[in-house]
Structure formats: structure tokens, C-alpha cells
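Engineer: Would you mind keeping the following structure in view while I ask a few things?
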Amino acid sequence: MATLGGVIRWRAARYDLKDAAIDSAWTLARGKRSEENPTALERKFNDIRSEATWRRRATKTARTVAGHFIAQALGVVSLVLMVGGVLLAGVGFFWR
């Protein structure tokens, strides 16, 4: 159960804008941002901006925002699964 929670958290992290913001801040703080190495938020923004029409940009933006909120919900689910897995392991270890 804990492993499943870890896998869910790992897969959902790519859609989480909060993680992208933290990664962007860390890139800027280290001075690693350049034209060839944009921050995570800049990459997401450039991906949306590269769409040909405003309708496709709006669709991509909506999918990005929906993915962020789904990632937040899956983050809570994964945390519950990981805690449950650790508790089950503890009960199995100490139960005699």
C-alpha cells in the first residue's frame, strides 16, 4: 500500500504547479536560469503559448489547471495510502 502511494505521488507530481513553482524558485536562487535553461513554470507557459490558436491555448490552459487540481487530490490519496501502509506494516510487525 505504501509503495502504491509513492507511485501515485511520483506520477501526479508532474502535473502539480506548486512543485513547478518551487523548482522555478530553486533554479532562480541558484542562478541556473538562462535562455537555454528556462524554469519549470516558463517551460509550462511556453508550451501553452506555442499553440497555434487561442482555442488550443485555452484548452491547454484548462487541462493544465485541471491536472494541477487532480494532482492535489491524488497527493492526499497517496499520503493516506502511504500512512496506511506504514501502519499496516507496524501492526503486522508487532502483532504476535
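The values are calculated or read from the model by the stated rules, or taken from the named source; none is laboratory data. Worth saying up front: this structure is predicted, and the values here are computed from it rather than measured. Here the Cβ positions follow ideal geometry from the backbone for every residue, glycine too, while neighbour counts run over all protein chains shown.
Engineer: Take residues that are surrounded by fewer than 14 Cβ atoms within 10 Å (Cβ to Cβ) and more than 13 Å from the chain's Cα centre (by Cα) and tell me which of the helices (runs of 4 or more DSSP H) falling wholly in the chain contain 2 or more.
Structural biologist: Working: elements: 2-12, 17-30, 40-49, 54-94.
Where helices (runs of 4 or more DSSP H) fall fully within the chain and carry at least 2 residues being surrounded by fewer than 14 Cβ atoms within 10 Å (Cβ to Cβ) and more than 13 Å from the chain's Cα centre (by Cα), they are 17-30, 40-49, 54-94.
Engineer: Considering only region 64-77, how many residues are out of contact with any Phe, Trp or Tyr (no Cβ under 6 Å at 6 or more places or on another chain) and either among the hydrophobic types (A, V, I, L, M, F, W, C) or modelled with pLDDT of 95 or more (or both)?
Structural biologist: Number satisfying all stated conditions: 8.
Engineer: A follow-up question, please. Within the set of pairs 6+ apart or on separate chains, which have a first residue in region 22-50 that is closer than 14 Å to Thr61 by Cβ, a second that is of a type in the set (Val, Ile, Thr) and surrounded by 13 or more Cβ atoms within 10 Å (Cβ to Cβ), and C-beta atoms under 8 Å apart?
Structural biologist: Final answer for the pair search is Lys44/Thr64; Ile48/Thr61; Ile48/Thr64.
Engineer: Out of curiosity, is Gly5 at pLDDT 90 or above and within 30 Å of Ala89 (Cβ to Cβ)? Before you say what the answer is, go through the steps one by one.
Structural biologist: Values: at pLDDT 90 or above: yes; within 30 Å of Ala89 (Cβ to Cβ): yes.
Yes, satisfied.
Engineer: In region 41-62, which residues are closer than 25 Å to Thr27 by Cα and of a type in the set (Lys, Arg)?
Structural biologist: Arg43, Lys44, Arg49, Lys60
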